[in-house]
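Note sheet for the following structure.
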Amino acid sequence: MPSLFNAPARIVFLLGFALTLALLPCAFGREQRVSASSPSSNILVARVHLRDEDELRRFVSLGLDLLEMREGDDLFILTDAKQLGELRAQGWQVAIDQQKSTLASEQAAETFSNGYRTVTEMRAFVDDEAARYPNLAEVFTYGSSWQKIHMGGSAGSDLFGIRLTNKQTQGVKPTFFLMAAIHARELTTSELALRFVDYLLSNYGVDADVTWLLDEHQIVVVPVVNPDGHRIAEQGYYQRKNLNTTNGAGCANPPTIFNQSGIDLNRNFSFGWGTVNSPGEPVCGQTYPGTSAASEPETDAIQNLIRSLFPDQRGTQRTDAAPDNATGIMITLHSYSNLVLWPWGDISSPTPNANQLQAIGQKFASYNGFTPEQAIGLYPTSGTTDDWSYGELGIASYTFEVGDESGQCSGFFPPFSCMDGGSGGAFWPRNLPAFLYAARIARAPYQLGQGPSPESVSANVSDHLQLQAQFDETFNGGQAIVAAEYYIDTPPWRGGVPIAMRAVDGSFYSISESAVADIGAIPGKHTFFLRGRDASGNWGPVRAIFAPAPTN
Ligand code: 0X9
Ligand code: ZN
């Protein structure tokens, strides 16, 4: 059997896709437009039982529409009755999940927008923000989409992002890079990225943490990595890949959930490319990785952008660790299934920075409530963004899969209200603390992620000023917190002078500690930076607060 699955053309034939996908795709490709007028009631969610690693790999390489869910040895796919029959005929153990199918159909019947921004609106939004905050924000372009390069006229888009930092403060600035919608249909991800931009800009000078983050770090956000695909998703189609039609000219048009032209950009990156997801996969499938590594302009351009943001800090061997003081962190936002993932995604051995990556991943998960795990724990993938950014450059790299596996706020096109609330929703308030944590540890994530994190800071002013902070190390190595200190106006990395804080309960000994400092009269308004240290000597990230002078 394995040899049959290794022959790409035969996969298509064996699965019975020959007619619908390879020969007459346009004629037979069902229009799966997701709009109120054309409910996709034929969408099914099926559970596939995979008996061993070999079956798992073969199944993953079929290029089907895998959902981000795994229950034991079962994976789930978005499919339809015809494909289901074909899979069964080939001996796969596939069962319809009725509840998930009903939900998927109901959701597909909703309209696209109600708040999700189009590519044009996203560009207008970042341009507006940069115009409003010229000292803090700058829009940049870093390449052209496939359509812009190959189709001419008004087709396609510039690839764009926004760089946030106080332009008046100098020095090499640690970077947090946030990217979204490399998979076009994952609509909530762009909205999260754009809200983070707005949160940072509108809180500069208001919130002390945001202020120091923009003074001392740079945060670079690309809200839509795959704009061509997104324009298709805007019309209500489940487009995942880019719009390169070179090889997939015969794929369904308009695209369906499992038959679409394009390259899966999250299989096209240069690290480990083509190993799990090979170019032998069906070209119209969901995970077709292209004909060569970084063949796509969107991939090539974002690799170049990321290279320009971070130094190369890792050797070329799989076993080469990035140094403890490596700088830089990135998150690529996907949907859905409430996961925080880190490399490797293509092999099951842990990375040489596994403990450090895991600590940060677990910390993220403590904020957003997702499940943290090494990416391959879900299913194997190759040529992904985070395997490349960690593998190539050594930066701490994460994938978030935003959104519930089932329920009102699951799926690719959840109601826009799920951004702020709803059962399983509240994507924005749940993820903001994780983004801020990433921004705080960007200077040296592997080190800072091993130290205690200041979870809340307060300043009480009465006859004197008192600072109080709650530190936690539960997810950061789990050692006891043994010290805390604060700095007035000048943070540690700029040569500030530390002043010790004392434990509220008398002594520092536990993984969760409250620290306090009584401060004498200092005229004027100041920024206080606070941080804690654990028993192994690891300092955690700082958190800041503005505090006025005492009133008398
Ligand atoms: O398959 C993918 O590309 C991601 N899931 S999605 O449903 N958003 O398409 C998961 C990628 C997991 N692997 C790595 N992050 N390396
Ligand atoms: Zn995705």
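Where does each of ASP346, ASP128 land when they are ordered by accessible area, with a 1.4 Å probe and the largest first?
ASP128, ASP346
I want to verify the translational diffusion coefficient of segment 419-548 in µm²/s; compute it with Stokes-Einstein, Rh as the Kirkwood radius over Cα pairs, at 37 °C and 0.692 mPa s.
Working: Rh = 15.4 Å.
For the chosen part, D equals 214 µm²/s.
Considering only DSSP beta bridges with both partners in the chain, what is the antiparallel share in %, to the nearest 5?
75
Which percent of the Cα-Cα distances in the chain go past 35 Å?
36
Could you derive backbone 3J(HN,Hα) for segment 167-176 from the dihedral phi with the Karplus parameters 6.51, -1.76 and 1.60 (θ = phi - 60°), listing whole Hz in sequence and x where the residue is Gly or Pro?
5, 7, 8, 9, x, 6, 9, x, 10, 10
Kindly rank 115-122, 494-501, 480-487 from highest to lowest mean number of other beta carbons found within 10 Å of each residue.
Listed from highest to lowest mean packing, they are 480-487, 115-122, 494-501.
Compute, for the chain, the length of the dipole vector about the Cα centre, with Cβ point charges of +1 (Lys, Arg) and -1 (Asp, Glu) only. Units Debye, rounded to 20.
700
Using a simple charge model, +1 on the beta-carbon of Lys and Arg, -1 on the beta-carbon of Asp and Glu, nothing else, what dipole does segment 136-213 show about its Cα centre, in debye to the nearest 20? Display every interim value, and only then the final one.
Values: 6 positive and 7 negative charges, 46 e Å.
Here segment 136-213 has a charge dipole of around 220 debye.
Angle, helix 297-309 long axis vs. longest principal axis of the chain, Cα atoms, 0 to 90°, nearest 10?
Once rounded, the angle reads 20 degrees.
Set Lys and Arg Cβ to +1 and Asp and Glu Cβ to -1, take the dipole of the chain about its Cα centre, and tell me which of PHE508, LEU192, PRO429 lies farthest positive.
LEU192
Helix 119-132: angle to the longest alpha-carbon principal axis of the chain, degrees 0 to 90, nearest 10?
The angle comes out near 20 degrees.
Can you tell me the dipole magnitude for segment 375-484 around its Cα centre, using point charges on the Cβ only (Lys, Arg +1; Asp, Glu -1), in Debye to the nearest 20?
For segment 375-484, the charge dipole is close to 200 debye.
Would you work out which of LEU136, ALA517, ILE263 lies farthest towards the positive end of the dipole of the chain, given +1 charges on the beta-carbon of Lys and Arg and -1 on that of Asp and Glu, about the Cα centre?
ILE263
Looking at SER202, ALA155, THR245, which one has the Cα that reaches farthest to the positive end of the dipole of segment 151-308 (charges on Cβ: Lys, Arg +1; Asp, Glu -1)?
The listed residue farthest towards the positive side: THR245.
Grab the beta carbon distance between THR490 and SER536, set R0 = 25 Å, and tell me the FRET efficiency rounded to 0.05. Spell out each step's value before the answer.
Details: r = 26 Å, r/R0 = 1.04.
Here the calculated transfer efficiency is 0.45.
For SER456, tell me the accessible area in Å² from a 1.4 Å probe, rounded to the nearest 10.
60
Taking 0.36 nm per residue of sequence separation and subtracting the Cα-Cα distance, how much length would be gained by fully extending the chain between HIS49 and SER512, in nm to one decimal?
Working it through step by step, the gained length comes to 162.4 nm.
What order do ARG267, ARG57 take when sorted by accessible area (1.4 Å probe), most exposed first?
Working: ARG267 5, ARG57 85 Å².
Sorted by accessible area, descending: ARG57, ARG267.
Assuming R0 = 22 Å, can you tell me the calculated FRET efficiency for the pair SER154 and GLN235, based on Cβ-Cβ distance, to the nearest 0.05?
0.85
Roughly what angle does helix 98-108 make with the longest principal axis of the chain, taking Cα atoms, 0 to 90 degrees, to the nearest 10?
80
The values are calculated or read from the model by the stated rules, or taken from the named source; none is laboratory data. Since the structure is predicted, the reported quantities are computational estimates derived from the model, not experimental observations. Heads up, the Cβs are rebuilt from the backbone with ideal geometry, glycines too, and the neighbour counts pull from every protein chain shown. Heavy atoms of the whole protein, side chains included, go into the accessibility calculation; ligands, DNA and RNA do not. Shrake-Rupley method; radii C 1.70, N 1.55, O 1.52, S 1.80 Å.
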